[in-house]
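One structure is given below, encoded as structure tokens.
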Amino acid sequence: MVYAIAVFAPLVGALISGLLGKAIGDRAAMGASVLGMLIAAACGPYAFFVLAQGGEPGTIDLGTWIEAGKFHVSWALRYDTLAAAMVAMVSFVSMLIHVYSIGYMSHDATRWRFFSYLSLFSFAMLMLVTADNLAQLFFGWEGVGLCSYLLIGYWYDRPSACAAAIKAFIVNRIADLPFAVGVALIFMTFGSIEFSSIFATVTKHGADTYRLFGLTFPALEVIGFLLFIGAMGKSAQLFLHVWLPDAMEGPTPVSALIHAATMVTAGVFLMARMSPLMEYAPYAASFVTIVGASTALFAATVGCCQNDIKRVIAYSTCSQLGYMFVAAGVGAYQASIFHLITHAFFKALLFLGAGSVIHAMSDEQDMRRMGGLAKHIPVTCAVMWIGNLALAGIPPLAGSYSKDAIISSAFLAHSNVGSYAFICTVMAAFLTAFYSWRLLFMTFHGTSRVDHRTMEHVHESPAVMLIPLLLLATGAAFAGMLLNGWFIGHDQVHFWHGSIFNNPANEIMRHIEHAPLAVELAPLIVGVAGIALAYAMYIARPDLPKIFAKEHPRIYFFLLNKWYFDELYDRIFVRPLICIARFSWRIGDATIIDGVPNGLAAIAAGGARQVVKIQTGSLAAYAFVMLIGVVALVGVFMLFR
């Protein structure tokens, strides 16, 4: 019962604030939304700890959803360790974001609408992670996609926000098509989309194949590839990542919710939930590893040159998601989910901390116009230090436990793909430390670059914004230490029993604590080196970045323009599709579809105009025409008599 309340309380808050917001006013609507999340944040972690300490997993059946022939889908809440951990994280972090939003959105004209969307977003994610079948998961999957569109484009009077919302929606729909096809193939192969039925019979279908274009493909590999492509869209992996930075057009709490607790983590969760299938699809798993490692390195390089404080953190999210997929690809799903949980704390902290900076700076987001803010907003500075230490993987903060486990698991894979992932993740760890401390130094330390007018209004955020920051900072500092034993340590086998599956041949999690010392120390060494380089370039010698940009303009602009992915996609996809659309409109729509009926109408109108000319109004003419008609009629009668 407590578990179900955690899932549905946000929906009740969303309905009250959304349907009755105008009638009851902003304060009451916000109160209903926040109260729903407070209830969820109390029930979700409670249900998790009960299960973690020996409670019985199970399923909460809510009734039948779909019955069509052999296709039966029930509506049920899955209660196992994986789902309970996600519910606890989503409900708690979302609750803090709701509370923070009270202060951040205090001057907005339609707060009831914002809080309604925010709570609905949380509910959709909770439905996704508690799904007991793929149809229910797809419901939550599309729900978070819809809510992201509403929240990214919340300020719909801004063209950039509308464009970003449409971009996110379209890119995710592109990825959702393969995902939907994968679900259909699962039903064709297994005869069910219920997780329990699928997982119980995976080994029986290991030799199944599909034939397409005269070629034969292993069924499980095809399904694994299709499911991961869907995950690539939601979790913004390389080639389908382009929507994520533009999502910064939404209010900062939206960025925190999308990037930390919901949506982007959905793809990682999907890989962990489908681990019984992915473990028997090695080529698909290798593809997951390669894409994840490439994304981790790619996004880290781009983050080094961005100047918008929120975009730096956005590319950090993209990179960290790559780490999670590396772990899932090599079979260390436990480490993947561990990093997902720790990342939620320090990434929400960084986004909300950035929001506090933006709030203090009168909506300024360019770090080149900041500097020296530590003495003006000391609490925000302190929590941002904690968040960046956790992101950089500095012990004993949360990020060090989970990130080190992922890097070790890549090394312990003992494969070419694993070696590639190990190199990419170590290099990304160095770049992560560099760009995260570049953000810290440019924003809070060094010489102030704030103009005089803005500096007059710089102030610390109110308590309603600072309290969530302090609680998230606590999680970023201690979550790794507290959860390590359960997630990847000595209790992991008992903790994950029945919710994450490892092939008996997959022994990575058994040896993850026994990686070579050099491998275990590598993230710390490169992290400290990255921080040192950031200090040298932005504190000791702040002229060095300009010198580098002048001496290596191609590299600088390549990274500044995000590897030109947007420009490339514009040339390859956007412009040709616009040309095709215009051609179809002019020829297909205007000429054929509209042209034929319009032409017939023109003929009828022209004929009517000619007939009108006969109507002269002369009785003699009418009598003469009638006489001719009679003569013609008599003639015809005589001819054919």
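The values are calculated or read from the model by the stated rules, or taken from the named source; none is laboratory data. Here the structure is a predicted model, which is why all the values come from computation and not from measurement. Because the Cβ atoms are built from the backbone with ideal geometry, glycine has one as well, and the counts that use them run over all protein chains shown. Each accessible area value is taken on the protein alone, full model and side chains, heavy atoms only, with ligands, DNA and RNA left out. Shrake-Rupley method; radii C 1.70, N 1.55, O 1.52, S 1.80 Å.
For this structure, a couple of remarks:
- Residue match in the range 282-292 (condition: buried (at least 24 other Cβ atoms within 10 Å of the Cβ), closer than 15 Å to GLY329 by Cβ and in contact with a His (Cβ under 9 Å, 6 or more places away or on another chain)): no
- Scope the range 67-88; condition open to solvent by 10 Å² or more (accessible area, probe 1.4 Å), out of contact with any Gly (no Cβ under 7 Å at 6 or more places or on another chain) and aliphatic (A, V, I, L, M); matching residues: ALA68
- Candidate set: the range 125-152, residues that are open to solvent by 10 Å² or more (accessible area, probe 1.4 Å) and assigned to a helix (DSSP H, G or I); chosen: the one nearest to ALA29 (Cα to Cα): LEU150
- For the range 91-108, the criterion of a residue being closer than 29 Å to ALA284 by Cβ and surrounded by fewer than 24 Cβ atoms within 10 Å (Cβ to Cβ) is satisfied by no position.
- Some residue of the range 365-375 being acidic (Asp, Glu) and on the phi > 0 side of the Ramachandran plot: no
- Matching entry among ALA534, ALA601, ALA540, ALA590 (being of a type in the set (Gly, Ala, Ser) and either within 30 Å of ILE406 (Cα to Cα) or open to solvent by 90 Å² or more (accessible area, probe 1.4 Å) (or both)): ALA534
- Residue match in the range 236-252 (condition: surrounded by fewer than 24 Cβ atoms within 10 Å (Cβ to Cβ), part of a helix (DSSP H, G or I) and of a type in the set (Ser, Thr, Tyr)): no
- Verdict on LEU120 being crowded, with 22+ Cβ neighbours inside 10 Å and modelled with pLDDT of 90 or more: yes
- Residue within the range 15-32 that is among the aliphatic types (A, V, I, L, M), within 29 Å of HIS339 (Cα to Cα) and open to solvent by less than 60 Å² (accessible area, probe 1.4 Å) present: no
- For the range 609-626, the candidate set comprises residues that are assigned to a helix (DSSP H, G or I) and not aliphatic (A, V, I, L, M); within that set, the residue that is farthest from LEU238 (Cα to Cα) is PHE624.
- Pairs are defined by a Cβ separation below 7 Å, a sequence spacing of at least 6 or placement on different chains, a first member in the range 191-216 that is farther than 27 Å from VAL73 by Cα, and a second member that is of a type in the set (Val, Ile, Thr); the pairs so defined are THR216/THR209.
- Which numbered condition ALA473 fails, given (1) under 25 Å from the mean Cα position of the chain (by Cα); (2) on the phi > 0 side of the Ramachandran plot: (2)
- Residue satisfying condition, being touching an Asp or Glu at 6+ places or on another chain (Cβ under 9 Å) and either in a helix (DSSP H, G or I) or open to solvent by 10 Å² or more (accessible area, probe 1.4 Å) (or both), within set ALA344, ALA328, ALA314: ALA314
- Matching entry among ALA207, ALA161, ALA168, ALA175 (being open to solvent by 30 Å² or more (accessible area, probe 1.4 Å) and aliphatic (A, V, I, L, M)): ALA207
Here's the yes/no breakdown for (1) closer than 24 Å to TYR333 by Cβ; (2) in contact with a Gly (Cβ under 8 Å, 6 or more places away or on another chain):
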{"site": "CYS381", "(1), (2)": "no, no"}
{"site": "GLY387", "(1), (2)": "no, yes"}
{"site": "PRO395", "(1), (2)": "yes, no"}
{"site": "SER408", "(1), (2)": "yes, no"}
{"site": "TYR435", "(1), (2)": "no, yes"}
{"site": "SER448", "(1), (2)": "no, yes"}
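- Listed conditions (1) in a helix (DSSP H, G or I); (2) within 31 Å of the chain's Cα centre (by Cα) are all met by PHE548, apart from (2).
- Condition met for ILE358 (closer than 24 Å to HIS445 by Cβ and not polar (S, T, N, Q)): yes
- Residue in the range 210-217 that is among the hydrophobic types (A, V, I, L, M, F, W, C) and in a helix (DSSP H, G or I) present: no
For every residue, the table says whether it meets (1) within 30 Å of ALA168 (Cβ to Cβ); (2) touching a residue at least 60 places away in the same chain (Cβ under 8 Å); (3) in a helix (DSSP H, G or I); (4) aliphatic (A, V, I, L, M).
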{"site": "PHE558", "(1), (2), (3), (4)": "yes, no, yes, no"}
{"site": "CYS579", "(1), (2), (3), (4)": "yes, no, yes, no"}
{"site": "TRP585", "(1), (2), (3), (4)": "yes, no, yes, no"}
{"site": "THR591", "(1), (2), (3), (4)": "no, no, yes, no"}
{"site": "LEU600", "(1), (2), (3), (4)": "no, no, yes, yes"}
{"site": "GLY607", "(1), (2), (3), (4)": "no, no, yes, no"}
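- Across the range 293-309, the number of residues qualifying as part of a helix (DSSP H, G or I) and either among the polar types (S, T, N, Q) or open to solvent by less than 10 Å² (accessible area, probe 1.4 Å) (or both) comes to 11.
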